[in-house]
Structures are given as C-alpha cells and as structure tokens.
1. How much length is gained on full extension from Leu422 to His395, taking 0.36 nm per residue of separation minus their Cα-Cα distance?
2. Taking the Cα centre of the stretch 348-537 as origin, work out the dipole magnitude from +1 charges on Lys and Arg Cβ and -1 charges on Asp and Glu Cβ, in debye rounded to 20.
3. Skipping prolines and chain starts, which residues have an amide H placed within reach, meaning under 5 Å, of the one on Gln99, given they are 5 or more residues away or on another chain?
4. Assuming R0 = 45 Å, what is the FRET efficiency of Ser171 and Lys342, from their Cβ-Cβ distance, to the nearest 0.05?
5. Please tell me the relative contact order of the chain in percent, rounded to the nearest whole number, where contacts are Cα pairs under 8 Å and at least six residues apart.
6. Can you work out the Karplus-derived ³J(HN,Hα) for every residue in the stretch 293-298? Use 6.51 cos²θ - 1.76 cosθ + 1.60 with θ = phi - 60°, whole Hz, and x for glycine or proline.
7. Would you work out which of Gln442, Phe281, Gln49 lies farthest towards the positive end of the dipole of the chain? Charges go on Cβ: Lys and Arg +1, Asp and Glu -1.
8. Within the stretch 430-469, name every residue whose backbone N is under 17 Å away from a label modeled 7 Å from Cα of Ala517 along the Cβ vector.
Amino acid sequence: MPKGSDLLVAALENEGVDRIFGVPGEENLDLLESLRTSGIELVLSRHEQAAAFMAATHGRLTGRPGVCLATLGPGALNFSTGAAYAHLGAMPMILITGQKAVMSAKQARFQIVDIVASMKPLTKMTRQIVSAAAIPSTVRDAFRIATEERPGPVHLELPEDVAGAEVDNVSLIPPHALERPVAHAAALDRVAEAILAAKRPLVMIGAAGNRPSLVEPLSTFVTRTRLPFFNTQMGKGAVTGGSNLYMGTAALSEGDYVHEAVARADLIVAIGHDTIEKPPFLMQSAGGSKVIHVGYQSASVEQVYHPDIELIGDIGASVEALGARLEGRLSADAGMLELRQKILARINDRAEEDRFPPTPQRIVHDVREVMPEDGIVCLDNGMYKIWFARNYRTHVANTLLLDNALATMGAGLPSAMMAAMLHPERRVMAVCGDGGFMMNSQEMETAVRLGLNLVVVVLNDSAYGMIRWKQAVDGFPDFGMSFGNPDFVRYAEAYGAKGSRVSAVEDLVPTLEAAFARGGVHLVDVPIDYSENTRVLVDELRNRAPDVECA
C-alpha cells in the first residue's frame, strides 16, 4: 500500500516536476525513499539557501515552480532568504520541509521551530500537511497559487508520520490551463486615446515583462507601435531583438542619462512595473507627465509611484489589444530618437579603456564580447550590478539575470547553475563579487559533481565594495568593509574545477574564451578598479543632471 510520501512524489510528477533541489534530513527519509524510485532527480546541494535560489531561478526562467527540499528547524530556516528572494522577485517556487511527527512527541521539542509561522510573511501560502489523503489537493493548490499572478513561493510542511502513513489510493488532480481575466474594451480605448493624445509617449517595461509568457507579446507591441522604451533592472531584456527604440535601463532612481528621456516624456506607459523594485524614476505629486499603469493587478500606490490611469488585466492580452489600436497611428518623436543616440553613447563611454585593474565598463564590454546573444549572465549583488544594468545590452529575453527586489548576495552562483542545467547548449556565466561569491562558494562542488559547463567570474577587490563606496560618498571614514580572500585559483581547483587569474586587461577576453572552450566549471579571478563609481555615478552625473523628476 502506498504511503504519504509516495503520494506526494506522484503529485509532484503530476505537476511535471523533474528535479528537486535540497539537503535532506532525518525527517525526510520516507520522502527520500519515494524519490529514489521515482522519475524525479534529487539535486543535492551543499546549503539549503543555494537550493532555494536554484528552485526560484527555475521558476523565473520557465514560469513553472521549482521545488526544493529541507529538513525541519535549522534546515527549513536556511530556506528563509531563498523564500524572500522568490517572494519579492515574483518567482514561482515550492518549498517542502520536514517536521517531527504530529501525532506523537517522542523527542519532545528537539529541533522544533514553528516553520509555518516563520514562512507566513515570506510566501504566498504556507501550510502543514495534516493528512496523507489531502496531499493531492494540497499540492495542486500549492502549484496553482505559486503560478498565479503575482507568482511566488509556497511552503508545504510534511510531518514524518504523515509521510510514512499508509494511505488508500487517492486520485491525483490533473492540472488545467487558466484563462486570465482581460481588460475591459472601454479601458483599452481610454488608454489608447491617452497615448495618441501624447506628444512624447515613452514606454517603461518592469519586472513582470520578463515573465516567459510575456516576452513575445511585449516584443510585438514595441514593433507594432514603434514607441521608444526603457526598462527597469528586472525588466531588462524583455523586448527581444534590435528595435532601435531602446532608450536605456534605469539602474539608478534619478539623475542618470536615461532620465533625460523620462524628463522629456509627457506620458509614461509603465508595463508590468512592480514597486518591489528600487524606483526607476521618481514621481512628484502634481504637474508634469502622466503615468499609465498596465498590469494584471492594480498599482501599489507609493510615495514615488501613483499612476494617473490604470489598465488592469492579463498583460499579454492588454498589450496585444493596445498594439492593434495604435498600429500605424503614432509618429516617432525625432527629439526622443536623437536623445537615444546621446544616451547610449554616454553609457558606452570608456568601455574599452585599457587601464589595469580593469574598470567596470571594460569588464561589462568584454563579457558582452564573449557572450553570444542567447548566452546567460547571472549576477550576484554588488556594485557591478549597477554597471551591468546600465551598460550591458541584451537582445534575447532573460539573458541577464539580476535581483533588484531582495537584492541579496549569494544568489549569483546558484542561479547560474540552474541556468546551465536548463540550457546546457548555451554559454552561462556567473558574475560575482568576492563577498557574494564566498557566501555560497561551496556550491562549486555541486556544479562540478553535476558536470555543468559554467564560467564563474569573481570580481576581486577584497571588500564589500558597494557599501564601501556608499560609505565614502556619505562622508564616513573607511571602516569595517575590507577582508582577505583565498587564492581563488587554488580554491577552484580544490573543488575539482579549473581556475585562471587575469593579470592584464587585454587577457580578459581570451581567458574567458578559453574557459568556455575548455568546458566544465571554470573560475576566473578578475581584479576590479571601482574608482569609476565616484567619477561617473557621482561627479559626472551630478554635474550634468537635469530636473528629471516625473509627475
């Protein structure tokens, strides 16, 4: 007779799950045995946080929830950062944790933490499975909730006595497609009229634009309307191909070159913007340009974001209907397109400067040179993230993965590992600062064990560089930000990976090319000169920044 854990695995297979990431414990042993005889691969990680990052990235890249597994107490608590990463970043994910038996207490309170309560603010839903017979409906509901807009993580706790309990055959619940509500025709007409009445409309694509299902309709919308657009950091790359309408990425909230386009616009059409991101522009309370919010849900009203018009419904259907209403009826603003050339030229300034250690601009330039259009770059969190967001040009959706929501360190390597598992035919690179890399560097062993092809670039400045820079900008003394590093080449080799060190600026491209050509897991240690942070992002922008706030 099947037991609860068998039924859970069957329910996961029913949802199309083919991998589970995690670190099992004593309370997961029944589930582990059920997995052993199933078609689901267990990807054993070296830390639960990394497993959660991998599962979240699976959801981000596929639109289908990734699944991760941990034991009770400390193992489950190690999921917390990954749950928050998926919750703020709108990535569908299922977290499964074990628990002591609920019908007896032979170990008293040993290792018991109320994980359901701790997960409540970090997930869309958290639930303890109290009956084996309820597993099919609980799993089906979990996947439904995880994938509904706004996507995110769902937590299920499986007590060991429920996992081991024998259960009569219970029917699984087959998944079915859901048709999302669409915007009313009158609302579409009103938004189309507002865009047609504007002299200088500008589109902004937010984080939701990078949902896998929205890439095609958004790209078609831009092609049909010929509207210039910019994007938030997490909206970067949502429009595929070279449209010659891209104005830049809002890596900062104000004062950057792209904000000249924001200041010029009399109407901003914000598609899929999620205010969980750091603001891409700042709205005032009155006067100036208007903002239209296009989203599946109404806008979250914030001090810096309070739209004048809202178009609520399935985003793909909305932009398709808007495109039909606008096609052939808009004239390009010559001034905006002229401004585009200026913005992109300024962003490319000094991209090939040959000083050593290399500048962030040079590193971004050289990474772009070695990555094909469909190559995937996964960023950890640090100062270089702003430079990649600003300067790295994307032509294929979801080829620059960064986190501008939780903005946690430690996610870059696990995210790249997931991308490499999903797309073994494509070049995949993790770009990490030395601080963020060391937070989950133990996953190098996992990557080697899995036989992944992956290049890991570690930008080495022996400091928590972003906070050190902000400390200096705010006038504080340099304190508490510096550390020592291991020899990263030998460190990589200790895991069975390959290692290289860049010692001249002209060596970066050939070193990266050689790493990809060699295959396997390859770490490249690259020193970085962050003096450009102050020259460009403080002094240069302060000296030329126009009034770029938007109403």
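FYI, it's all coordinate maths here, none of it is from the lab. Every value quoted in this text rests on a predicted model; they were computed, and no experiment measured them. FYI the Cβ positions are ideal-geometry reconstructions off the backbone, even for glycines, and counts take in every protein chain you see.
1. On the way: separation 27, 0.36 × 27 = 9.72 nm, distance 1.92 nm.
Gain in length upon complete extension: 7.8 nm.
2. On the way: 17 positive and 25 negative charges, 54 e Å.
Taking the Cα centre of the stretch 348-537 as origin, the dipole is about 260 debye.
3. HN-HN under 5 Å from Gln99: Leu158, Glu160.
4. 0.10
5. Values: 1232 pairs, mean separation 73.1, N = 551.
Rounded, it is 13 percent for the chain.
6. Going residue by residue, I get 9, 10, x, 6, 10, 5 Hz, with x marking Gly and Pro.
7. Value computed over the given set: Phe281.
8. 454-455
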